[in-house]
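Working notes, structure below.
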Amino acid sequence: MIPGPVMVAAGCGGTGRELATYCGDDGLDGLDFVTRSITLDARAGGPGPRIEEVPGGLVNAVGLPNPGLEHFLATELPWLVRAGARVIVSIAGATMGEYADLARRLSRAPGVAGLEVNVGAPDEVGVGLFEVREPYHSASVIAAVRREFPADRPVLAKLRPDVSRIVEGARSCHEAGATAVVIGNAVPAAFPDGRSGGLSGPAIAPVALRCVAEVARALPELPTIGCGGVHDLRSANAYLDAGAASVQVGTALLHDPTTVARLRAAFTSSPQED
Amino acid sequence: MSEVQGPVHVEAEVVATKRIGGYRHLTLTAPGVPERFRAGNFVAVTVEGHVARRALWVHRVRASSSYGPTLDVVVEDRGAGSGTAWLAAQPVGTRLALTGPLGRPFALPKDAVSCLLVGEGYAAAPLFPLAERLRERGCGVSLVVSAPDESRLLAALEARRSARSVTVLTADGSVGLRGTVADHVDDLLRRSDADVVYAAGPHAVLRAAAGAAERAGAWSQVAVETPTPCGTGLCHGCVLPVVGEDGVDRVVRTCADGPVVRGDRVRWEAL
Ligand SMILES: Cc1cc2nc3c(=O)[nH]c(=O)nc-3n(C[C@H](O)[C@H](O)[C@H](O)COP(=O)(O)OP(=O)(O)OC[C@H]3O[C@@H](n4cnc5c(N)ncnc54)[C@H](O)[C@@H]3O)c2cc1C
Ligand SMILES: Cc1cc2nc3c(=O)[nH]c(=O)nc-3n(C[C@H](O)[C@H](O)[C@H](O)COP(=O)(O)O)c2cc1C
């Protein structure tokens, strides 16, 4: 029931079509693809420049651009399903009601393998989203989504890799019905000019790894999915060795669009070894 | 044989490097890329020590050479940013991860109409393969190559084969007409009697060319550059504000929905 061991992280696989080109003959067939976060209404995203390089990573304030649920259901989802991807739809809402609405409508859409609830976006990226600073906020969102989404399909809670709150956050989401927790999202950061954004890429891997290890120790029964800086077998195995059931690949795809295909092939030929 | 399509991610190799004025011209082998190329496409290359990639216009492709098929790119030789400076310094034999061809190319007219091509600096690069394609279709090509000064003028000499007229503009008047594209484009368009205007260069050049086309009742296509982190359409990080076919304002991805778009669709004030 837990996807993986290699998944595409939200917002880093385009609409799926662009990525398929770099995945060999099979394209997205059998690949666990997390969509960019989908909101009820379309979002244009933030102004440019949305992304800047820093040593070891990227700072982004992309602002969750997406065509809104209606358009996603009509165009992007059917394409992904036809391509054979295991589609996990990332959702983001401004209110609890919106999260519930998104979950209900996605539960009826053919081909949705699971949901990932974005409850850990860095502040600037998630402008206009439901405020989820406190673990009980995330838990209430997860509970609202779980009520609307069939119990036999996973609901993943995606959390910020904040080591001071991660165990508490993961526990609340687990109790609220999350199948697994994704640790983590981009880390709150600033652009060189001071604007707020989120840091991603190899630079944040040690931060997310620490969070995964803490959760695995404190909550061994809760599956975790490591996300942050995965770019090769070694960085993926670090998460799996720390207790993660699976990993997600984001920024590495922007640097080399074949990363996910190569990692999948590596895991197929030598499961979870260096 | 079925037509080869879509971009590929390959290991490219620098097989020649030449300084011309302020630019460095690199000739690369990149298996499968020259074969798929259409004028207006670009490539994304990996630069050592950088996460984001660098987008580069393709200046020329050769179907065969002693190295097999090759493509040429043009980068600033000095005074450029850290990534392009690294690229310009690479010797023959350097291997680079390269993805391409990327983006929507220039659309070609169905009929043998006359076309005005306006480009500035290194960004004039894609107009050279475009001129060749247009000539093959029987279109009359008037080429305008502009630059701040002579060192940033892409050699127009070889274009004389594909163009029926070539005009050179420099801001400082060091060669050709003195002034900017904005100063001369209405006049050049009138004289060329073109039905289609193609432009490539800084936003001011594109905007001036698109404006002139609109005033003259011609079509325009512009090749837009904006900061492009991945080049492949995956990150939604490059922002191109346009007006959709339906009249609705939208923000599209420069790399995947552009970089070539209709000039009258760009919301210049939001760029
Ligand atoms: C479609 C397209 C075609 C291009 N073709 C060429 C070309 O043929 N020759 C050439 O020399 N340059 C070209 N550029 C610009 C080039 O891609 C470089 O990214 C840009 O010059 C900045 O990188 P740098 O390493 O020089 O500077 P740095 O300061 O090291 O770059 C900093 C960051 O800003 C981004 N960035 C800043 N300005 C731009 C810009 N105008 N375009 C894209 N990214 C930017 C870079 O990706 C990088 O992440 C093109 C850009 C685009 C979008
Ligand atoms: C360009 C970009 C867009 C992103 N979009 C989303 C998004 O829509 N929803 C989300 O939950 N996370 C989003 N993220 C966060 C990533 O999914 C991932 O959690 C984070 O970048 C850390 O992993 P990485 O280091 O492998 O990129 C985005 C990240 C980047 C760089």
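The values are calculated or read from the model by the stated rules, or taken from the named source; none is laboratory data. Keep in mind that what you see is a predicted model, and the values were worked out from it rather than measured. Here the Cβ is made from the backbone with ideal geometry for all residues, glycine too, and neighbour counts use every protein chain on show.
Values for this structure:
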quantity	calculated
Segments classed as strands (runs of 3 or more DSSP E), wholly inside region A:176-274, with at least 2 members that are within 16 Å of ligand 1 (Cβ to nearest atom)	A:196-200
Strands (runs of 3 or more DSSP E) (entirely within region B:1-90) containing at least 3 residues that are charged (D, E, K, R) and more than 14 Å from chain A (Cβ to nearest Cβ)	B:8-20
Test: residue B:208 is within 14 Å of chain A (Cβ to nearest Cβ) and either buried (at least 20 other Cβ atoms within 10 Å of the Cβ) or not hydroxyl-bearing (Ser, Thr, Tyr) (or both)	no
Matching residues in region B:256-271 - criterion: being more than 9 Å from chain A (Cβ to nearest Cβ) and touching a strand residue (DSSP E or B) at 6+ places or on another chain (Cβ under 8 Å)	B:257, B:258, B:259, B:260, B:261, B:262, B:263, B:264, B:265, B:266, B:267
Residues that are in a helix (DSSP H, G or I) and within 13 Å of ligand 2 (Cβ to nearest atom), drawn from region B:226-270	B:255
Count of residues meeting criterion [touching a residue at least 60 places away in the same chain (Cβ under 8 Å), surrounded by fewer than 18 Cβ atoms within 10 Å (Cβ to Cβ) and closer than 23 Å to residue B:78 by Cβ] in region B:150-202	4
Residues (surrounded by fewer than 21 Cβ atoms within 10 Å (Cβ to Cβ) and in contact with a strand residue (DSSP E or B) (Cβ under 6 Å, 6 or more places away or on another chain)) located in region A:143-178	A:153, A:154
Exclusive hit being on the phi < 0 side of the Ramachandran plot, within 10 Å of chain B (Cβ to nearest Cβ) and among the hydrophobic types (A, V, I, L, M, F, W, C), set A:115, A:58, A:69	A:58
So residue B:162, is it polar (S, T, N, Q) and more than 19 Å from the chain's Cα centre (by Cα)	no
Selection count where residues are surrounded by fewer than 18 Cβ atoms within 10 Å (Cβ to Cβ) and at the interface with chain A (Cβ under 10 Å from one of its Cβ atoms), scope region B:217-247	1
Selection count where residues are surrounded by fewer than 23 Cβ atoms within 10 Å (Cβ to Cβ), in contact with a helix residue (DSSP H, G or I) (Cβ under 6 Å, 6 or more places away or on another chain) and within 14 Å of chain B (Cβ to nearest Cβ), scope region A:24-42	2
Members of region A:107-137 that are buried (at least 24 other Cβ atoms within 10 Å of the Cβ) and at pLDDT 90 or above	A:115, A:116, A:117, A:118
Qualifying residues in region A:11-21 (those that are within 20 Å of the chain's Cα centre (by Cα) and not in a helix (DSSP H, G or I)) - the one nearest to residue A:90 (Cα to Cα)	A:11
